[in-house]
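Note sheet for the following structure.
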């Protein structure tokens, strides 16, 4: 690894006290520095972040909260930081995520340095969603990384690059237009080996309802089709997934099962109305693509 090789994860938090400490401390253990963009949290999220400033959290910024989830504005601020922070690589990272190498014993910093040395400038991630195993258990206030053991692989893109979330500083394409899934622009060379993204999407039933059941979204982003797989998390219909549909971790916390991927999150499994909505959205997207190609 090159001397002084540096990777910075850019985090956006709003009332993420359940996640902030474990998220930041995992990144520290992986050799990664952090930038925090706070979306006007009114809990103790910022107090937690300040404990790691300036050695590990190298900058703390703020984005106003307009009363709804304004994801594009946050992503634009992340793009701005990519232009101003001195780093060899950047990671677009969320509070409820844990990222690591797919190779045993290798830190994320070492993995990214290896990719850099091989001449690639972007990394795609495989997503594994960790969930509470029933409607009673609750992992709020616990070390969910060690204690949550049930998960499924989430792959709605059917193997195509979907979470290109780490990229070299020379990749200048903005991520705001893609919902954060990948930077736009030419000459992006994605490494053929994916890294791991563990998504702790909710820590219990009450937390799921609090996190998604009352969240308001930008109307403009909804018209673009963003956030659709977070909609309609309702108290009356919500329940933990059946264990038979999940994988379970063994003693090795990093040994994951890639089989039986899902294209929807568990609260959509078996929901016929959502199936029909998705079908309509896909047909509409195909129609728009056809018109762009042949309509002239």
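Any read-out appearing in this document is the output of simple, stated calculations on the displayed coordinates, not a laboratory observation. No experiment lies behind these values; they were computed from the predicted model shown. Quick reminder, even Gly has a Cβ in these numbers, built from the backbone with ideal geometry, and neighbours come from all protein chains shown.
Could you please rank 124, 135, placing first whichever residue has the fewest other Cβ atoms within 10 Å of its Cβ? The partial results should precede the final answer.
Values: 124 21, 135 13.
By the 10 Å Cβ count, ascending: 135, 124.
How far apart, in nm, are the 7 Å Cα→Cβ label points at residue 28 and residue 40?
A separation of 3.0 nm, rounded to one decimal place.
Is it possible to state the helix-based mean residue ellipticity at 222 nm for the chain, with each DSSP H run of 4+ residues giving -39500 (n - 2.57), the sum divided by total residues, to the nearest 500 deg cm²/dmol? What is it?
Numbers: 8 runs with 76 residues, N = 296.
Roughly -7500 deg cm²/dmol at 222 nm, from the helical runs in the chain.
With r as the distance between the Cβ atoms of residue 134 and residue 81 and R0 = 51 Å, compute the FRET efficiency 1/(1 + (r/R0)^6) and round to 0.05. Could you put the intermediate results ahead of the total?
Values: r = 40 Å, r/R0 = 0.78.
E(calc), rounded to 0.05, equals 0.80.
Applying 1/(1 + (r/R0)^6) with R0 = 25 Å to the Cβ-Cβ distance of residue 21 and residue 1, what FRET efficiency is obtained, to the nearest 0.05?
On the way: r = 27 Å, r/R0 = 1.09.
So, using R0 = 25 Å, E works out to roughly 0.35.
What's the FRET efficiency of residue 255 with residue 221 using the Cβ-Cβ distance as r and R₀ = 35 Å, to the nearest 0.05?
The computed FRET efficiency comes out at 0.45.
Restricting the count to DSSP beta bridges whose residues both fall in the chain, what percent are antiparallel, rounded to a multiple of 5? Intermediate results must be reported in sequence, preceding the final value.
Values: 17 of 42 bridges.
Roughly 40 percent of the beta bridges in the chain run antiparallel, per DSSP.
Can you give the extra length, in nm with one decimal, that the chain gains between residue 53 and residue 189 once fully stretched, where that is 0.36 nm per residue apart less the Cα-Cα distance? Working shown, then result.
On the way: separation 136, 0.36 × 136 = 48.96 nm, distance 3.32 nm.
Here the segment from residue 53 to residue 189 would lengthen by 45.6 nm.
Sort 34, 202 so the one with the fewest other Cβ atoms within 10 Å of its own Cβ comes first.
Values: 34 22, 202 29.
Placing the least packed residue first, the sequence is 34, 202.
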